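Just so you know, all these numbers are worked out from the coordinates, no wet-lab data involved. Computed from a predicted structure; not experimentally measured. Backbone-built Cβ (ideal geometry, glycine too); neighbour counts: all protein chains shown.
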Ligand code: PEP
Ligand code: MG
């Protein structure tokens with residue numbers, strides 16, 4: 001008889017990059033990359049009926065799954081327009097499609113799986129070649145349904161996270177923003193990926209969901225099997241497969257302590273202002289990706305929304321969203337947080353964020369390519385649809401517009417021209433809107449930081465997007481774990497650009513915020529405030545920690561720290577000064593950040 005020690009698999013510990021704090025233990029859900037290879041097999045005439053029966057069972061199962069997903073999405077208000085599932089169901093009802101598959105099996109004497117793929121691909125190609133944009137968009141639906149039917153033919157039980165019956169930790173090679181956009185806390189309690197780094201969108205999403213995550217684990221998706229018990233420590237960047245009893249107990253205790261400190265901070269600071277002991281106040285707002293985060297924003301005591309990443313509406317629905325549907329979402333956010341502001345960032349697609357039907361081209365360097373405001377300016381109709389939607393909503397609450405990825409004055413001017421056109425169109429249609437809605441830009445390219453004095457006269461505020469600013473300043477891909485050690489927000493070059501932007505903004509009388517991930521690291525709060533930021537915008541769950549940091553240090557000491565930091569020769573030296581100050585004034589924050597307090601750094 002094997003004893004207990006030998007019957008339990010040995011723990012395997014993997015080291016990665018912790019990108020979202022906390023500890024979680026649970027079963028793994030392995031998300032395999034989409035396989036497009038469908039084996040082809042010749043069948044005997046006697047096997048035809050069996051193949052067709054398989055097809056019928058698969059169609060019934062596919063319909064059941066799609067209806068279930070639709071119900072789920074509606075319940076969570078994930079999809080602004082859950083019509084995509086209607087389109088999928090329509091493909092299942094398409095008699096010509098089904099007849100062609102049945103015919104293909106009977107006449108071609110081949111397994112039904114490969115015939116479904118062939119027919120779906122043929123339909124998709126025909127749709128893709130049509131002039132009608134709506135029909136062209138249906139290409140994605142036909143392909144998706146085809147894949148689902150094929151997977152159901154092979155009897156694969158669970159195909160997507162939305163279908164999980166209980167909470168799991170997602171393990172994957174990598175996660176696309178369009179996948180994470182569908183994750184909800186009740187199904188997903190953590191993620192672990194082979195690739196990625198601190199500011200990849202997967203990491204941003206983990207923090208938005210407030211669940212622990214470790215990325216850059218190398219080959220975790222090959223080592224873990226479906227259902228394995230795993231433990232994730234998002235503070236230390238560790239993942240343990242088959243944790244031992246001792247590890248479970250130790251981590252359970254750490255998680256509990258952390259929860260208690262966070263809970264106490266949340267309760268005690270919720271209604272307190274983000275103000276230093278000597279009376280210097282900043283706006284501490286939250287970054288959100290969708291409607292469902294708003295309650296957390298309010299619960300955690302944020303002063304409004306400093307960054308609404310509107311592209312997630314597209315990523316979640318996988319298709320363009322009508323003006324009315326967008327306006328409805330913006331209105332609801334604005335109403336809920338009023339009188340506080342909500343800053344709606346216009347679409348920031350491209351780079352690593354692709355929405356199913358948005359025009360995109362294969363690019364050798366997508367982060368340097370047609371992303372963000374460049375994409376919007378090249379598709380003025382889609383951009384104006386969004387601008388009109390924001391304007392429509394601007395009569396409720398306190399809405400501001402922010403353009404992402406601005407590299408120089410010409411882009412702001414071009415975007416503002418389209419904004420003016422949008423206003424005229426609404427005026428002509430008799431639709432009310434806020435004429436003087438405030439417009440700001442993100443400073444996330446070095447050229448924008450260096451010419452902030454030229455940009456300032458065209459806008460009412462700046463928001464430093466340090467996730468990208470660091471990437472472009474240091475030439476370090478923000479999602480590449482192999483160069484993650486070079487991704488250093490406290491690099492002297494970055495600090496100088498931040499300082500220069502703030503100085504230029506203030507000289508022109510406009511406020512300057514910072515909404516990149518470094519804003520959520522409480523160890524850096526005194527430094528950023530000392531440099532002069534007027535606003536910090538962070539994931540909702542980071543609000544209490546950052547507020548604690550703001551309230552722990554005098555503004556005078558923050559300014560002294562910033563001066564010291566600007567004279568430092570290395571990122572590590574800057575970080576050391578920040579850590580020393582925090583250990584003196586708010587040791588509880590050091591404890592919460594774990595042994596390696598490097599989030600956002
Ligand atoms: C940034 O670049 O800092 C930012 C906030 O935008 P995103 O992370 O969405 O690119
Ligand atoms: Mg950015």
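Could you tell me whether residue 369 is more than 21 Å from the chain's Cα centre (by Cα) and either at positive phi or within 16 Å of ligand 2 (Cβ to nearest atom) (or both)?
no
Tell me, yes or no, whether region 514-526 has at least one residue that is within 12 Å of ligand 1 (Cβ to nearest atom), farther than 30 Å from residue 587 by Cα and in contact with a helix residue (DSSP H, G or I) (Cβ under 6 Å, 6 or more places away or on another chain).
No, there is no match, as no residue in region 514-526 is within 12 Å of ligand 1 (Cβ to nearest atom), farther than 30 Å from residue 587 by Cα and in contact with a helix residue (DSSP H, G or I) (Cβ under 6 Å, 6 or more places away or on another chain).
Residue by residue through region 458-473, note down the ones that are within 15 Å of ligand 1 (Cβ to nearest atom) and not in a loop (DSSP other than H, G, I, E, B).
461, 462, 463, 464, 466, 467, 468, 469, 470, 471, 472, 473, listed by residue number.
Specify the residue that is nearest to ligand 2 (Cβ to nearest atom); the eligible residues are those in region 436-446 that are in contact (Cβ under 8 Å) with a residue 24 or more places away in the chain and out of contact with any helix residue (DSSP H, G or I) (no Cβ under 9 Å at 6 or more places or on another chain).
Here the residue is 440.
In this structure, is residue 476 in a strand (DSSP E or B) and free of Cβ contacts under 8 Å to residues at least 40 places away in the same chain?
It is false that residue 476 is in a strand (DSSP E or B) and free of Cβ contacts under 8 Å to residues at least 40 places away in the same chain.
Does region 500-512 contain at least one residue that is more than 18 Å from residue 276 (Cβ to Cβ) and within 16 Å of ligand 1 (Cβ to nearest atom)?
There is at least one residue in region 500-512 that is more than 18 Å from residue 276 (Cβ to Cβ) and within 16 Å of ligand 1 (Cβ to nearest atom).
Conditions first: (1) over 23 Å from residue 568 (Cα atoms); (2) away from ligand 2 (no atom under 16 Å from the Cβ). Residue 488 passes all but one, so which condition is the exception?
Of (1) over 23 Å from residue 568 (Cα atoms); (2) away from ligand 2 (no atom under 16 Å from the Cβ), only one is false for residue 488: (1).
Any idea which of (1) out of contact with any helix residue (DSSP H, G or I) (no Cβ under 6 Å at 6 or more places or on another chain); (2) within 30 Å of residue 237 (Cα to Cα) is the one residue 286 doesn't satisfy?
With respect to (1) out of contact with any helix residue (DSSP H, G or I) (no Cβ under 6 Å at 6 or more places or on another chain); (2) within 30 Å of residue 237 (Cα to Cα), residue 286 is out only on (1).
Give the residue that is nearest to residue 422 (Cα to Cα), with candidates limited to residues of region 446-456 that are crowded, with 24+ Cβ neighbours inside 10 Å and within 25 Å of the chain's Cα centre (by Cα).
448
Looking at region 289-320 only, could you name the residues that are in contact with a helix residue (DSSP H, G or I) (Cβ under 9 Å, 6 or more places away or on another chain), within 17 Å of residue 203 (Cβ to Cβ) and within 13 Å of ligand 1 (Cβ to nearest atom)?
Scanning region 289-320 gives 289, 309, 311, 312, 315.
State which residue is farthest from ligand 2 (Cβ to nearest atom) when the search covers only region 505-519 and only residues that are buried (at least 23 other Cβ atoms within 10 Å of the Cβ) and part of a helix (DSSP H, G or I).
Looking at the filtered set, the residue picked out is 505.
Inside region 429-445, can you point out the residues that are over 13 Å from residue 412 (Cβ atoms) and within 13 Å of ligand 1 (Cβ to nearest atom)?
The answer is 444, and nothing else.
Among what's in region 448-465 and is in contact (Cβ under 8 Å) with a residue 60 or more places away in the chain and under 25 Å from residue 558 (Cα atoms), pick the residue that is nearest to ligand 2 (Cβ to nearest atom).
465
From the residues in region 488-498 that are under 27 Å from the mean Cα position of the chain (by Cα) and assigned to a helix (DSSP H, G or I), which one is nearest to residue 463 (Cα to Cα)?
498
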